[in-house]
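Here's the structure we're looking at; comments come further down.
None of the figures in this text is laboratory data; all of them are computed from the coordinates on show. Worth saying up front: this structure is predicted, and the values here are computed from it rather than measured. Neighbour counts are summed over all protein chains in view; Cβ atoms, including those assigned to glycine, are modelled from backbone coordinates with ideal geometry.
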Amino acid sequence: WRVMVLQGKLWIFELWHGDELMAADFLHPTSTGHAYLATRCISQSPNHRALQPGFLLAMAETKYLKRLGFKMWDLGGVDSNPMMAYKYDIAEPLIRPASLYAFRHIRAKHPPCVAKIKGQLVENLSSQHLLEL
């Protein structure tokens with residue numbers, strides 16, 4: 001994983017509240033400007049639940065991926081788990097055939113995105129960052 005991070009093949013998005021990690025996602029960008037995003041950590045703390053850390057992090061990621069030129073990213077699966085409900089507000093769910101069609105269509109029409117992220121994107125995420133979509 002460390003080698004992938006150094007090569008820019010694995011990005012890690014973290015959302016902190018003070019010194020507490022609330023949410024973390026791992027993203028694997030492809031050379032064609034598409035990415036797979038996996039949520040791996042969402043705080044179960046009652047203090048964080050009301051802040052909806054998964055939703056906040058996904059909103060921030062969506063904004064920055066779009067700004068970097070990405071046309072499509074996969075947020076992973078959804079099911080009846082209420083912790084995944086925010087994905088319906090951020091993205092359009094696609095069944096596999098529709099997803100493959102969209103992926104191929106976008107890949108054929110848009111040049112590759114070769115964006116690299118190094119360091120911290122936003123030091124203090126505010127509501128203004130999320131409203132600037």
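Just to be sure I understand the model, the point goes 7 Å from the Cα along the line to the Cβ. What's the resulting Arg67 to Cys41 distance in nm?
Output for this residue pair reads 2.3 nm.
Could you order peptides 103-109, 49-55, 22-28 by the average number of other Cβ atoms within 10 Å of their residues, highest first? Can you show the working numbers first?
Details: 103-109: 12.3, 49-55: 16.7, 22-28: 19.7.
Result, highest mean first: 22-28, 49-55, 103-109.
Let me know the Rg and Dmax you get for the range 1-106 when you use only its Cα atoms, in Å.
14.4, 43
Name the long-range amide H neighbours of Trp16: under 5 Å, sequence gap of 5 or more, or other chain; modelled H, no Pro or chain starts.
Placed amide hydrogens put Met22 under 5 Å from Trp16.
In nm, what is the difference between 0.36 nm times the number of residues separating Gln128 and Val78 and their Cα-Cα distance? Don't skip to the answer; put the middle values down first.
Working: separation 50, 0.36 × 50 = 18.00 nm, distance 2.77 nm.
Result for the pair: 15.2 nm of gain on full extension.
Given a Förster distance of 35 Å, report the FRET efficiency between Ser99 and Glu20 from their Cβ-Cβ distance, rounded to the nearest 0.05. Numbers along the way, then the final one.
Numbers: r = 35 Å, r/R0 = 0.99.
Efficiency, rounded to the nearest 0.05: 0.50.
I need the phi-derived Karplus couplings for the range 72-80: 6.51 cos²θ - 1.76 cosθ + 1.60, θ = phi - 60°, integer Hz, Gly and Pro marked x.
Calculated HN-Hα couplings, in order: 8, 9, 9, 8, x, x, 10, 8, 6 Hz.
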